[in-house]
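To start, the structure under review is shown below, and the notes come after it.
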Amino acid sequence: MQTNGNGSNGNGNGNGKRGDVILEVQNVSRFFGALKAINGVSFEVKRGQVFSIIGPNGAGKTTMFNVVTGIYPASGGDVIFEGRNLKGLPAHKVTELGMARTYQIVRLFDNMSVLENTMVGFYCRIKAGVWDIILNLPRAKNERKLAREKSIELLERVGLGDYKDVLASSLPLGLRKRLQVARALATNPKILLLDEPTGGMNPSEKADMMYLIDRLRNDGLTVLLVEHDMGVIMGISDWIVVLDYGEKIAEGKPAEIQANPRVIEAYLGRGLENEPVTD
Amino acid sequence: MKTPGIRAKLQQGIDRLNAHPVGRYVIPAVAVLIAALVPTFIQSNYWIRVLDSALIYTMMALGLNVMLGYTGLLNLGYAAYFAIGAYMWAILGSPQYDIHWNFWVVFFLAGLAAGVAAYLLAIPGLGLKGDYLALVTIGFGESIRILANNMSLTNSAMGITQIDPMSFGPLKANTVQDYYYVLLAIIVIMMIVFKRMENSRIGNAWMAIREDEMAAESMGVDTRNLKLLSCFIAAIPAGMAGVMFAATQTYVSPVSFTFNESIMIVAMVIVGGRANVFGVVLGGMLLMVLPEPLRGSFFDSARILIYGLLLVLMMIFRPQGFWPRQYRGVKKLNGKKVGETIEAEPAAAGGVQS
Amino acid sequence: MDIFFQQVINGITVGCLYALVALGYSMVYGVLKMVNFAHGELFMLGPMFSLFVLQAMGLVTGRLNSITGNPSTPLLVGLMALCFLVGSAFAALIGLAMERVVYRPLRNRNAAMEISMIAAMGVSLFLQNAAMLVFGRLQKGYPTMIETKFYTVGGASFSNIQVFILIFVAILLIGLSYLVNKTYMGRNFRAVALDRCASGLMGVNVNAVVAFVFILGPAIGAASGVLYAMQYSQVYYLMGAVVGMKGWIAAIIGGIGNVKGAVVGGFLLGLFEVLGGGYLPLLTGGNLGAEYRNIFAFVMLIVVLLVRPQGLFGKRGIA
């Protein structure tokens, strides 16, 4: 069983070096009937980056996540992860390859404990089979013990150590979001996709989350982030892509994006001091 | 500061016992011992026969629990697998076709056959939502019954009689007590096996699927194959129970495998406490043994009515069953005291759209 | 060819009855997103209760429970109307009670689907057994009201009762269609069926719509039951079980929650079942007889679920 809680070994998880391209989205489109949720978007994510996708509501950010992780197939284009085309792969296989995600509206396993939730992440990393389990063979026993220890470690890293036996449904929102992250980390991902991880949080919780993401980056994990809070995005991102109506309208470092007039317009519409709307 | 009451002290004592590596086995061992001693204290053959029947159905409740309790897949045609097992032994171990195979060979074969049938039915059924799946299982259950009722292979409605009893080589079982001990042993083995599965990565993944299938899939759980596995394993005890049933009754006919039987087994799991082998066994034994004293009285004809009432009341007031999966030592936030145990509720409807 | 024509008529007649039952299921599912498994029992309680009333009024005699004396046609018509009214009213009452006592608490708790299903099964078993205890375990004769006459057209024979059923159901469906499409309540019903939450937010009284559905659905189902009882001249406490199941299957085939679909599904199921059951001995050289008829419903169901799970008229996104 792979032993890293988050794939860290300083220079970006094993195979590649920090700075290599880990994920390529090539001209990806996703249509729902006549609705072009995503239309020909391309970008590259480098290993060890905190890469943010932003845009107004309905821009297609969550759809992008769903396509990249294999929940929806792409209507056009390719997603290449560590050199491998993900076309046609079911979502669990994508996760097995090293891509984990969290959901904007938290999807936890409510009637299981926090620890059990986290241990689900280890499912694809353990090899014990049905017979190993039934006969309680050493392999099953040891792997389970190891998975349990690693899960507890992970929970402590995200600050949920005290809550390990608590029923997940009884956690408040901030902790639920953290549990989602812990659970995703349990799959030993090389890239972590976080869908609005600070949604609904107060400033101090947001700061905690930002600190967590920063620590993950230091450990060598690549983070792909969808976010709404500008403060969070500008504070933590290495690179930003801006979507609007399913298309990429800008890309660059935080400072560049902040100053980009097209981006401002997409978010705020045309301001009063600009030309009046004529069309 | 309030001193904890008797109940809390008892709970703490039990928790400490269960936490000890050897102590964990004390309570179950005592329970098994008591169960094994039952025939020496209860001399009535009638009651042992009742217990035999109860144990056979409890086998099935344990099996259905895998599918319904752990994985959350509702099966309303579970009696079909029971029928498959029963008819296998009726055909392969009786004068009907003058075939007399070895009992235990058929026992395991029937389990396998039932499992395969469930697996094949699940393949198309997987994409369906909960209530559609339930309907397909009803259809399958009914179809098996109709087939049994009409095929000459199964001697249609007349059934097959003079079925061989259970045997160990040359030794044949000929008392209800013989069956009791064997059935008890089977139940204990099954409980151990299922408990191990429950606490393993597979059980964990099953429960994740039950809670939120899409999230489970995102976490690397191969939901499709795990659901198939769940259906396969769930049906095996039913096939085996069918063989036992045929042997103890020495007669099988389609009337034993109706929709009402399927519902009853579902009730055992739900009322007893799902995803908890102990609760399920409790449910099974209760639902089979409790109606016995009422047999012959007015209440007997009202049995199904009471059943229905029980189901409705349980669903409204205690949907998690009498003895659901416990989380020992769980602290619940916002108000409850440390150490207070809470029980897992069945999942709420809805779930979020992605 | 005449056999074919005959079977078609039989199929359509049976299909009518299935259609009415399917409507009840579809309407409830459309509004509550749950399967009312006890609907079949409402189908049964219509004729059961109306028979009970007839017996209490001393209007039936003999083992077959035929109408006493030889009343004139207008009186017979009046009696028939009485049966329908009384049966439907009783079923509607039970339906409302069911909703209030069992389904509403579950709905308020946002209970999981299986919980509602199992509760519905509990209600179904309860009603079945209660009917057995109250009305007796055996089959009872049911008066056919109209003196049965057979007509022969082109080699196929059918009864005036069948004609009556067809006309009755046609009128009922037209009335229902008007109700659903042209009235205020009907519009509310359609809104709630599309999106319960949003409708509530827009000011629709959801509980009123639910009550509406639990009156109309059972009433129609009970009417179908009375027709069935008249057609086959008997009632039986278990008669709801099989027909209920088939009605549910018909609703799924047509697209659950869809009123038009329920009707079409009912007819298709009736036709397929009768034709299939009729031709099965011919096709299999006598190996499989007409007793296998009931499997047809399930075969159709499995085919539909595999090929088009949302049913004929349903929208995508079901499975």
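The values are calculated or read from the model by the stated rules, or taken from the named source; none is laboratory data. Computed from a predicted structure; not experimentally measured. With ideal geometry, Cβ positions are generated from the backbone for all residues, glycine too; neighbour counts draw on all protein chains shown.
Summary table
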read-out	value
Contacts under 7 angstrom Cβ, first residue in segment A:248-267 being in contact (Cβ under 8 Å) with a residue 40 or more places away in the chain, partner surrounded by 13 or more Cβ atoms within 10 Å (Cβ to Cβ) and aromatic (Phe, Trp, Tyr), 6 or more apart	A:Lys248/A:Phe43; A:Glu251/A:Phe43
Filtered residues of segment B:274-313 (kept if touching a residue at least 40 places away in the same chain (Cβ under 8 Å), away from chain C (no Cβ under 14 Å) and under 19 Å from C:Met121 (Cβ atoms))	B:Val280, B:Gly284, B:Met288
Matching helices (runs of 4 or more DSSP H) fully within segment B:141-250 where at least 3 residues are away from chain A (no Cβ under 14 Å)	B:176-198, B:223-249
Among residues of segment A:124-183, those that are of a type in the set (Phe, Trp, Tyr) and either touching a residue at least 24 places away in the same chain (Cβ under 8 Å) or crowded, with 19+ Cβ neighbours inside 10 Å (or both), counted	1
From the options A:Thr95, A:Thr63, residue that is of a type in the set (Ser, Thr, Tyr), within 27 Å of A:Ala250 (Cβ to Cβ) and crowded, with 19+ Cβ neighbours inside 10 Å	A:Thr63
Test result for B:Asp15, closer than 27 Å to B:Glu211 by Cβ, surrounded by 13 or more Cβ atoms within 10 Å (Cβ to Cβ) and among the charged types (D, E, K, R)	yes
Residue satisfying all of: in segment A:67-81; over 15 Å from A:Ser42 (Cα atoms) and buried (at least 19 other Cβ atoms within 10 Å of the Cβ); farthest from the other protein chains (Cβ to nearest Cβ) among these	A:Gly70
Failed criterion for C:Leu133 (all others in (1) part of a loop (DSSP other than H, G, I, E, B); (2) within 14 Å of chain B (Cβ to nearest Cβ); (3) of a type in the set (A, V, I, L, M, F, W, C) hold)	(1)
Neighbours by Cβ (under 7 Å, 6+ apart or cross-chain): first from segment B:246-269, crowded, with 24+ Cβ neighbours inside 10 Å; second modelled with pLDDT under 90 and of a type in the set (Lys, Arg)	B:Phe257/B:Arg145
Which numbered condition C:Thr148 misses (of (1) part of a loop (DSSP other than H, G, I, E, B); (2) closer than 19 Å to C:Phe49 by Cβ)	(2)
Meets criteria (farther than 25 Å from C:Trp248 by Cα, assigned to a helix (DSSP H, G or I) and touching a helix residue (DSSP H, G or I) at 6+ places or on another chain (Cβ under 8 Å)) for B:Ile84	yes
Residue list for segment C:151-184, filter: in contact with a strand residue (DSSP E or B) (Cβ under 8 Å, 6 or more places away or on another chain) and not in a helix (DSSP H, G or I)	C:Tyr151, C:Ser157, C:Phe158, C:Ser159
Of residues in segment C:169-185 being within 17 Å of C:Ala81 (Cα to Cα) and touching a residue at least 60 places away in the same chain (Cβ under 8 Å), the one surrounded by the most Cβ atoms within 10 Å (Cβ to Cβ)	C:Val169
Identity of the residue in segment C:257-310, surrounded by fewer than 17 Cβ atoms within 10 Å (Cβ to Cβ) and of a type in the set (Ser, Thr, Tyr), that ends up modelled with the highest pLDDT	C:Tyr279
Residue satisfying all of: in segment C:203-240; surrounded by 24 or more Cβ atoms within 10 Å (Cβ to Cβ) and hydroxyl-bearing (Ser, Thr, Tyr); farthest from the chain's Cα centre (by Cα) among these	C:Tyr237
Boolean, B:Ile316 is within 22 Å of C:Ala38 (Cα to Cα), part of a helix (DSSP H, G or I), touching a residue at least 24 places away in the same chain (Cβ under 8 Å) and aliphatic (A, V, I, L, M)	no
Residue count for segment A:100-120, restricted to those that are at the interface with chain B (Cβ under 7 Å from one of its Cβ atoms), out of contact with any Asp or Glu (no Cβ under 8 Å at 6 or more places or on another chain) and under 13 Å from B:Gly203 (Cα atoms)	3
Where A:Leu192 falls short, out of the listed (1) in contact with a helix residue (DSSP H, G or I) (Cβ under 7 Å, 6 or more places away or on another chain); (2) under 16 Å from A:Ile54 (Cβ atoms); (3) within 14 Å of another protein chain (Cβ to nearest Cβ)	(2)
Filter result for the condition that a residue is part of a strand (DSSP E or B), more than 9 Å from chain B (Cβ to nearest Cβ), at pLDDT 90 or above and touching a Phe, Trp or Tyr at 6+ places or on another chain (Cβ under 6 Å), over A:Phe43, A:Phe51	A:Phe51
Flag for A:Tyr245 being within 27 Å of A:Phe109 (Cβ to Cβ) and modelled with pLDDT of 85 or more	no
Residue satisfying all of: in segment A:126-143; at the interface with chain B (Cβ under 8 Å from one of its Cβ atoms) and in a helix (DSSP H, G or I); farthest from the chain's Cα centre (by Cα) among these	A:Ile134
All positions within segment C:248-267 that are over 14 Å from B:Tyr132 (Cα atoms) and out of contact with any Leu (no Cβ under 8 Å at 6 or more places or on another chain)	C:Asn258, C:Lys260, C:Phe267
Conditions (1) within 14 Å of chain C (Cβ to nearest Cβ); (2) in a loop (DSSP other than H, G, I, E, B); number of the one not met by B:Gly69	(2)
Within segment B:129-150, considering residues that are aliphatic (A, V, I, L, M), in contact with a helix residue (DSSP H, G or I) (Cβ under 6 Å, 6 or more places away or on another chain) and over 21 Å from B:Ile163 (Cα atoms), the one surrounded by the fewest Cβ atoms within 10 Å (Cβ to Cβ)	B:Ile146
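Okay, residues lined up against (1) in contact with a strand residue (DSSP E or B) (Cβ under 9 Å, 6 or more places away or on another chain); (2) closer than 20 Å to B:Gly308 by Cβ:
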| residue | (1), (2) |
| --- | --- |
| C:Gln7 | yes, no |
| C:Gly15 | no, no |
| C:Tyr18 | no, no |
| C:Val21 | no, no |
| C:Met27 | no, no |
| C:His39 | no, yes |
| C:Phe43 | no, yes |
